[in-house]
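Working notes, structure below.
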Amino acid sequence: MVSLTQVLALAGLSVAREREQGTFDQLMVTPLTPSQIFIGKAVPPVLIGLAQSMIVLSISVWWFGVALAGSIFTLILTMIFFLMSIVGIGLATSAVSRDMQQVMVYNFFAIMPMILLSGMVTPIKNMPPALQVFTYINPMRFAIDSVRRIYLEGAGLSLISHNYIPLLLIAAVAMPLAAWMFRHKLV
């Protein structure tokens, strides 16, 4: 949840801030291609989210003594896929926003349903069938399930790889959509 909030805000605010300060047009006339600029806006939030996740993992293992039952590699891979999908959503949010305040409002309205429909607060099986359908477009649903299974059950890559498909699909839709909006100056 910490990574979701921070990464969505960082990705969303990065382009909006450039536009508000008037430096976005200067950025577009540099020798870098729009794809390179997009990658430069996408990679730092993923790295920051991954670092935050590892800090929280370290605190839970060393301070609270909750042992990690699964593989650290599988957990990191899961977080990378999750963060890629969140960065795509954050950059797409930034592309449709005029300023940083609008990004924050859009992020708030995206974060609340993501958390409530992730299975973290209420089990997905206990939700009404109509809401269960909406959980399939929520990357946090698949990340929560994977992290729980890796951390508590010791599930390996083969047991949670089915959760990677929706995460990668969400990233495969959100990232190119954000890049397209970024490239066509809809931002």
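The values are calculated or read from the model by the stated rules, or taken from the named source; none is laboratory data. This structure is a prediction, so every number in the text was calculated from the model and none was measured. Methodologically, a virtual Cβ is constructed for each residue, glycine included, from the backbone with ideal geometry; neighbour enumeration extends over all protein chains shown. Areas reflect the complete protein model, heavy atoms only, side chains present, ligands, DNA and RNA absent. Shrake-Rupley method; radii C 1.70, N 1.55, O 1.52, S 1.80 Å.
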Subset of region 101-110 that is touching a residue at least 12 places away in the same chain (Cβ under 8 Å) and open to solvent by 20 Å² or more (accessible area, probe 1.4 Å) - its residue that is farthest from Met127 (Cα to Cα): Gln102
Residue identified as more than 18 Å from the chain's Cα centre (by Cα) and over 23 Å from Gly154 (Cβ atoms) among Met100, Met84, Met104: Met100
Enumeration of residues in region 11-36 that are under 24 Å from Ser85 (Cβ atoms), open to solvent by 90 Å² or more (accessible area, probe 1.4 Å) and not charged (D, E, K, R): Gln36
Criterion: part of a loop (DSSP other than H, G, I, E, B) and either at pLDDT 90 or above or surrounded by 15 or more Cβ atoms within 10 Å (Cβ to Cβ) (or both) - qualifying residue of Ala69, Ala92: Ala69
Residue in region 3-13 that is more than 30 Å from Leu77 (Cβ to Cβ) and either assigned to a helix (DSSP H, G or I) or of a type in the set (Val, Ile, Thr) (or both) present: no
Candidate set: region 132-150, residues that are open to solvent by less than 70 Å² (accessible area, probe 1.4 Å) and among the aliphatic types (A, V, I, L, M); chosen: the one farthest from Ala67 (Cα to Cα): Met140
